[in-house]
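Q: Just dropping this structure here.
What follows draws every value from the coordinates through simple rules; no lab data is involved. All values derive from a computational prediction rather than experimental measurement. Ideal geometry is used to build each Cβ from the backbone, glycine not excepted, and the neighbour counts take in all protein chains shown.
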Amino acid sequence: MSRQFATFTLDGARYGVDVLRVQEALRAHTRTPVPLAPKGIAGLVNLRGQVVMTIDLRSRLGLAPLPGDAEPMMVVVQVDGEPISLLVDEIGDVTDVEEGQFETPPDTLPTALREVILGAYKLDRGLLLALDVDRATAA
């Protein structure tokens with residue numbers, strides 16, 4: 001059985017989110033900081049009149065911040081019927097994967113990352129790490 005993932009990159013690695021969970025992908029918007037927010041909460045954005053929480057996946061996954069001159073992109077996903085924006089380095093393509101390509105998360109991944117990865121798909125162009133959107137967005 002085949003599945004489709006919307007892909008993006010973070011710190012040189014390719015990640016994917018089930019395409020059915022993705023609302024849209026766009027350039028980052030101006031964020032309003034949230035005082036005393038937990039680590040990884042980058043602020044709130046206004047998407048066509050709707051206030052959406054933004055999560056900095058680099059921070060949430062224990063990765064180094066983007067260089068100061070780099071502008072992140074946003075992948076807006078649905079979590080419990082609500083949109084949540086994920087900050088990513090670059091937006092990729094929609095990729096078809098087969099269940100036979102799926103493997104458990106590699107042991108070489110850092111613990112913080114392994115906790116939010118469903119597994120990895122071995123593709124011709126390298127690994128695609130399947131992100132567990134629910135766990136990655138949990139506060």
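Q: Compute the relative contact order of the chain as a whole-number percentage, counting only Cα pairs closer than 8 Å that sit 6 or more residues apart in sequence.
A: 28
Q: Okay, next question. May I ask you to derive the relative contact order of segment 61-106, considering only C-alpha pairs under 8 Å and at least 6 residues apart, and to give it as an integer percent?
A: Across segment 61-106, relative contact order equals 27 percent.
Q: On to the next question. Order 46-54, 78-86 from most to least packed using the mean count of other Cβ atoms within 10 Å.
A: Taking the mean over residues of other Cβ atoms within 10 Å, the ranking is 78-86, 46-54.
Q: Give or take rounding to whole Å, what are the principal axis extents of the alpha carbon atoms in the chain, in descending order?
A: 43, 28, 28
Q: Put a dot 7 Å past each Cα toward the Cβ at A64 and E115; how far apart are the dots in nm?
A: Roughly 2.3 nm, to one decimal.
Q: Using the Cα centre as the reference, give the magnitude of the dipole from point charges on the C-beta atoms of the chain (Lys, Arg: +1; Asp, Glu: -1; all else neutral), rounded to the nearest 20 debye.
A: 380
Q: Let me spell out the model: positive unit charges on the Cβ of Lys and Arg, negative unit charges on the Cβ of Asp and Glu, origin at the Cα centre of segment 15-80. What dipole size does that give, in debye rounded to 20?
A: That gives segment 15-80 a dipole magnitude of about 100 debye.
Q: Output wanted: per-residue J couplings in Hz (rounded whole) for segment 47-60, from phi through Karplus 6.51 cos²θ - 1.76 cosθ + 1.60, θ = phi - 60°, x for Gly and Pro.
A: Along segment 47-60, the couplings run 10, 6, x, 9, 7, 10, 5, 10, 10, 7, 4, 4, 5, 4 Hz.
Q: Semi-axes of the equivalent ellipsoid for segment 12-88, please: Cα gyration tensor eigenvalues, times 5, square-rooted, ordered largest first, whole Å.
A: Working through the eigenvalues yields semi-axes of 18, 16, 12 Å.
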